[in-house]
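Shown next, in structure tokens, is the structure this report addresses.
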Amino acid sequence: MAERRKFKKRFCKYCESKVDFIDYKDLAQLKFSLSERFKIMPRRLTGNCKRHQELVTVAIKRARQTALIPYIVDRKNVVESPFEMIR
């Protein structure tokens, strides 16, 4: 029989720090929920609870509309840390 992998339980870092609101202008906080190609990472990878994942999603979408975070990334010019280009 195939062995089942045992994963550690991920905890919501926003619940631990008792965050009620996630600001779209705080890029340092949002970058942990984005992949290297600026896609929103799912709950199963970040460990966020449903409530905070929805707040993160709304904040990232607002940051994209205000041009703080790009919608797409050029695959030809891949950089290690895309957040250094923003500042």
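The values are calculated or read from the model by the stated rules, or taken from the named source; none is laboratory data. Nothing here was measured: the structure is a model prediction, and the numbers come from that model. So basically every Cβ, Gly included, is an ideal-geometry build from the backbone, and we count neighbours across all protein chains shown. Only protein heavy atoms, including side chains, enter the accessible area calculation; ligands, DNA and RNA are left aside. Shrake-Rupley method; radii C 1.70, N 1.55, O 1.52, S 1.80 Å.
For every residue, the table says whether it meets (1) under 15 Å from residue 68 (Cα atoms); (2) part of a loop (DSSP other than H, G, I, E, B).
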residue	(1), (2)
9	no, yes
15	no, no
20	no, yes
23	yes, yes
29	yes, no
38	yes, yes
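Where the second residue is polar (S, T, N, Q) and open to solvent by 90 Å² or more (accessible area, probe 1.4 Å) and the first is at negative phi and lies in region 1-30, which pairs have Cβ atoms under 9 Å and are six or more apart or on separate chains?
Between residues of region 1-30 that are at negative phi and residues that are polar (S, T, N, Q) and open to solvent by 90 Å² or more (accessible area, probe 1.4 Å), the close pairs are 24/65.
Give region 33-43 a look and list any residue that's open to solvent by 80 Å² or more (accessible area, probe 1.4 Å) and at pLDDT 90 or above, or say none. Give the derivation first.
If we filter region 33-43 for residues that are open to solvent by 80 Å² or more (accessible area, probe 1.4 Å), which is where we start, we get 36-37, 39, 43.
Passing the criteria: 39, 43.
Looking at region 46-76, which of the residues that are open to solvent by 30 Å² or more (accessible area, probe 1.4 Å), at pLDDT 95 or above and aliphatic (A, V, I, L, M) is nearest to residue 13 (Cα to Cα)?
The residue in question is 55.
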